[in-house]
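Each remark here refers to the structure printed beneath this line.
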């Protein structure tokens, strides 16, 4: 559920992308609202690089900090049982070949977003969000 790169591929380049996800609810008991999106570095050990909380307004913002990914992701679900459409508009990703993994994590980060282990580490965002 939470491992978006396994379902939709790696984030690459600095372009806008659209994804449709049938297992990422914005409503109900398994909602991802109030959790976090974490972008990992492209090279092993795939450290947590940037993160942002998924707010109720359904638009995640990654602030421009120290060369980390910047921009936004929007989430839209027309009906409670409908698929979720994700629109990504990010810059400063790590090129078009390696790509960056991206996941929903269990807990939110600081309201301003975060970078590295200080703002996105396991003590802050915990592990991947997998409700079942």
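The residue that is surrounded by the most Cβ atoms within 10 Å (Cβ to Cβ), counting only those in the stretch 11-25 that are touching a strand residue (DSSP E or B) at 6+ places or on another chain (Cβ under 6 Å) and within 20 Å of residue 76 (Cα to Cα), is 24. Which residues, taken from the stretch 73-105, are under 23 Å from residue 13 (Cβ atoms) and assigned to a loop (DSSP other than H, G, I, E, B)? Result: 92, 93, 94, 95, 96, 97, 98, 99, 101. Under the condition of being farther than 17 Å from residue 108 by Cα and touching a residue at least 12 places away in the same chain (Cβ under 8 Å), the residues counted in the stretch 28-59 number 6. Here the stretch 90-108 is the region considered, the condition is being surrounded by 15 or more Cβ atoms within 10 Å (Cβ to Cβ) and farther than 23 Å from residue 123 by Cα, and the residue that is nearest to the chain's Cα centre (by Cα) is 90.
Screening residue 129 on (1) at pLDDT 85 or above; (2) more than 20 Å from residue 18 (Cα to Cα); (3) surrounded by 15 or more Cβ atoms within 10 Å (Cβ to Cβ); (4) touching a helix residue (DSSP H, G or I) at 6+ places or on another chain (Cβ under 8 Å) shows it passes everything except condition (4).
Within the stretch 59-80, the only residue that satisfies the criterion of being over 15 Å from residue 112 (Cβ atoms), under 12 Å from the mean Cα position of the chain (by Cα) and surrounded by fewer than 17 Cβ atoms within 10 Å (Cβ to Cβ) is 74.
The values are calculated or read from the model by the stated rules, or taken from the named source; none is laboratory data. Just so it is clear, the structure is predicted and the values come from calculations on it, not from any experiment. FYI the Cβ positions are ideal-geometry reconstructions off the backbone, even for glycines, and counts take in every protein chain you see.
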